[in-house]
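No value in this document is a laboratory result; all are computed from the given coordinates. All values derive from a computational prediction rather than experimental measurement. A quick note on method: Cβ atoms are made from the backbone with ideal geometry, for glycine too, and the neighbour counts reach across all protein chains shown.
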Amino acid sequence: MASVSGNVQGLKNSQIKQLQQLYQERLTSDGVVSLKLAHNLGKLSKAMHRPLCCYLDRRGQVVEVAVGTPEQTQLSPEALPRRSTERLSGIRCIAVQSHAPDQAALVAMLRQRLDALVVLVPAADGAADPIEVAYLAHVVPDIEQPWAVSSPLSLDDLTVEDFNDLLHEWESELRESGFSSDQFQYVQADHDRVLLVGLMTDDLSSHQFQDGLEELTRLVESARGEVVGTVVQKRSQPHPQTVIGQGKVSEVGLQAQTLGANLIVFDRDLTATQIRNLEQTLGERVVDRTAVILDIFAQRAQSQAGKLQVELAQLEYLLPRLRGRGQSLSRLGGGIGTRGPGETKLETERRTIQRRIDQLQQEVNQLQAHRARLRQQREQQEIPVVALVGYTNAGKSTLLNTLTQAEVYTADQLFATLDPTTRRLTLTQTDPEAGTQERHDILLTDTVGFIHHLPPALIDAFRATLEEVTQATALLHVVDLSHPAWQSHIESVEEVLQSLPAMSGPILLVFNKIDQVNSEQLATAQQTYPDAVFISATQRLGLETLRQRLQLDQPTAVA
């Protein structure tokens, strides 16, 4: 017998069988809905205390029965018939829920190109008829509000409508207007089409908020996504359930369908409950800023050590977000009201992830020990180690390549390089009195770039890599002077450094990309940071000054 989809957790076997029997229902080809089907859906929904959806084709045959609202039970692209973009899908949804169709349900109708959405609202307990009122919604050729919803209808009024005539009229309107429902279809792209959502709260200035959105755009592009639009809202604090207000959630859903977005990215961290609520309403995947950063790290990791640390960071991010993922993963215990069949999927997943985290933690500890031995060998050789640190995309790898002829991968991307690289640099110092030259070797280590609000899971997982920073003889803090937010980048890097174990070595501030700034901006930075070095790694400007400051046998050289 055909299966029932949606949230069937907790339903009795007899109730599931009753739902399966709905597949035997058959409507006439010209009927919107039959009284029998409407009454059966109403009675079952009231008995189960859950919304129900029944999907039918144009022959009146039931093709899907699901427990949930229209936005929660959307059909997959494979389940929808392939039809011309000037025509509708040939599938209509009969839904029973406690209220008239809201924007989330209407957006779900749009993205599936449903012939129609019929919403039946149950009557109060004790009423003779299980359905109190009905609504009929359909797609219209209006990009601003591409749907129409009828006024409240009785079942008698609804069942006498000729559905074939209605369909002919609706599709004629779409065809004559040149309106293509293709823009509301599922996006079948080889990359993510991303709609950004930004929330400006009271603790953010307009400048900080805009910088954050621009950085999020770069992050998405670095993760190989395409930003197709941005929706912003200003409110004092995030909504605890949906981050943004309900009206703005509906706007995001409509924008996603209009622009063909298949991924929604928020500019802040989300809880599992918030993600679940948003995905149920929007019908699209929802991720937060940290998830994007972790995805970039997963793409960039090349070495075994890098992949190990990325996996650990991903699991530590995932573990606290297992909660709130829905009723099917809720905990069942041994107390009153919580007795059940034993361990649920949530507990199974949590134990599996925790075991893997423990294993990865042990491997990271081994990696730390291995790198500690390497550092000890370098210390025995008395070779100073200088670590390159800085905001992501500041030009650290390019500087390493220019100074040491290394071949580290570089690109105009955030987190282009992830795995640390160490190269030897020979410095020459001239003694003017003796007329001799002395050669000194140092080791330059390129480290992972920092970013504003670097996820704690990454800091913890990459502690073995970040120890290269804490154990270095000195640090070169590389700053991209051409970036409009270079001052806040300095502050962000300093915050990350302060969160690490104390460092004994000096820090030299190096402003990069001076060839891309005007003289006024350069003068401002030189006046604010008179002890810094100003260079262009690509144009090889100021490198000789930098080499002179790296003469580490002079204690005051790096400050």
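So between Q548 and D202, what do we pick up on full extension, going 0.36 nm a residue minus the alpha carbon distance? Write down the numbers at each step before the final one.
Working: separation 346, 0.36 × 346 = 124.56 nm, distance 4.62 nm.
My answer for the length gained is 119.9 nm.
Where both partners of a DSSP beta bridge lie in the chain, what percent of those bridges are antiparallel, to the nearest 5?
On the way: 36 of 77 bridges.
Around 45 percent of the beta bridges assigned by DSSP in the chain are antiparallel ones.
With +1 assigned to the C-beta of every Lys and Arg and -1 to the C-beta of every Asp and Glu, and no other charges, what is the dipole magnitude of the stretch 193-287 about the Cα centre in debye, to the nearest 20?
Values: 9 positive and 12 negative charges, 55 e Å.
So the dipole magnitude of the stretch 193-287 works out to roughly 260 debye.
Given the convex hull of the Cα atoms of the chain, what is a quarter of its surface area in nm²? Kindly include the intermediate steps, with their values, before the conclusion.
Working: hull surface 131.1 nm².
Its Cα hull, projected and averaged over all orientations, spans 32.8 nm².
What shape does the stretch 193-287 take by its C-alpha gyration tensor, where a ≥ b ≥ c are the square roots of the eigenvalues and a/c under 1.5 counts as rounded, a/b above b/c as prolate, and the rest as oblate?
Values: a/c = 1.57, a/b = 1.05, b/c = 1.50.
Oblate.
Pairs of alpha-carbon atoms within less than 8 angstrom and 6+ residues apart define the contacts here; what relative contact order does the chain have, in percent?
Details: 987 pairs, mean separation 48.6, N = 559.
Relative CO of the chain lands at 9 percent.
Cross-link candidates for K513: which lysines have Cα within less than 29 Å, leaving aside residues fewer than 8 places away along the same chain?
Leaving aside lysines fewer than 8 places away in the same chain, those within reach of K513 are K396.
What is the sum of charges around G60, taking Lys and Arg as +1, Asp and Glu as -1, for the other residues whose C-beta is under 15 Å from the C-beta of G60? Present the calculation step by step, with values, prior to reporting the outcome.
Details: positive: R26, K36, R58, R59, R92; negative: E25, D30, D57, E64, D115, E161, D162.
Neighbourhood net charge equals -2.
M200's amide H: which non-local residues (gap 5+, or another chain) put their own amide H closer than 5 Å, with H modeled 1.01 Å from N in plane and none for Pro or chain starts?
Q233, K234, R235
From the helices alone, meaning DSSP H stretches of at least four residues, give me the mean residue ellipticity at 222 nm for the chain, per-run term -39500 (n - 2.57), in deg cm²/dmol to the nearest 500.
-12000 deg cm²/dmol
Which of the aspartates and glutamates could a cross-linker span from K43 if the Cα-Cα distance has to be under 14 Å and same-chain partners fewer than 8 positions apart are dropped?
Within the straight-line limit of under 14 Å, K43 reaches these aspartates and glutamates: D125, D129, E132.
Between helix 272-282 and the chain, what is the angle of the helix's C-alpha long axis to the longest principal axis, kept within 0 to 90° and rounded to the nearest 10?
Its long axis makes an angle of about 50 degrees.
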